[in-house]
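Visitor: Mind having a look at this structure? Questions to follow.
The values are calculated or read from the model by the stated rules, or taken from the named source; none is laboratory data. Remember, predicted model here, so these are calculated numbers, not experimental data. Positions of Cβ are backbone-derived with ideal geometry, glycine not excepted, and every protein chain shown enters the neighbour counts. Remember, those area values only see protein heavy atoms, side chains included, never the ligands or the DNA or RNA. Shrake-Rupley method; radii C 1.70, N 1.55, O 1.52, S 1.80 Å.
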Amino acid sequence: MEIFDNVVNTINSWVWSPALVILCLVAALYFSFGTRFVQIRRLRTMVKLLFSTDKKDKVGITSFQAFALALSGRVGTGNIVGVATAIGYGGPGAIVWMWIIAFFGAGSAFAEATLAQIYKENHNGQ
């Protein structure tokens, strides 16, 4: 059992290291600059499509339903507790850094959602 613990601790020290933070930050900057800051350029279009009721076909879900589904997958108990913990340890200044990383992370979230739409497949009519 001690060997298993050593293996898990070794993997844990590699994954949860400063390298992970740097990798996430580099990916966020890469996708933000790569998409020419789509999170700013297309903000008006995103809001317009979010509340549009123009649904031409009967298959699929509306834009708002897709937004609610994506939001439910991203926001969870860990995010809520994580924000409270960050404010508790870092003070109000932690909120500024969370906003900054969320802004740049929106570029990688856009790339992730775009790839999901490009490579989705129809399974048994769904």
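Visitor: Quick check for you: with a 1.4 Å probe and neighbouring chains kept, what is the accessible area per residue of the chain, in Å²?
Guide: 85
Visitor: Sticking with this one: Quick one: pull the percent of accessible area on the chain belonging to carbon and sulfur, 1.4 Å probe, ligands and nucleic acids left out. Walk me through the intermediate numbers first.
Guide: Working: 7470 of 10770 Å².
Roughly 69 percent of what the probe reaches on the chain is carbon or sulfur.
Visitor: Between exposed trypsin sites (Lys or Arg not before Pro) in the chain, where DSSP calls loop and at most 13 other Cβ atoms lie within 10 Å, what's the longest gap? Write down the numbers at each step before the final one.
Guide: Values: sites that count: ARG36, LYS55, LYS56, LYS58, LYS120.
The segment 59-119 is the longest one with no such site.
Visitor: Further question: Can you compute log10 of I(q)/I(0) for the chain with the Debye formula, treating each Cα as one identical point scatterer, at q = 0.19, 0.20 Å⁻¹?
Guide: -1.28, -1.33
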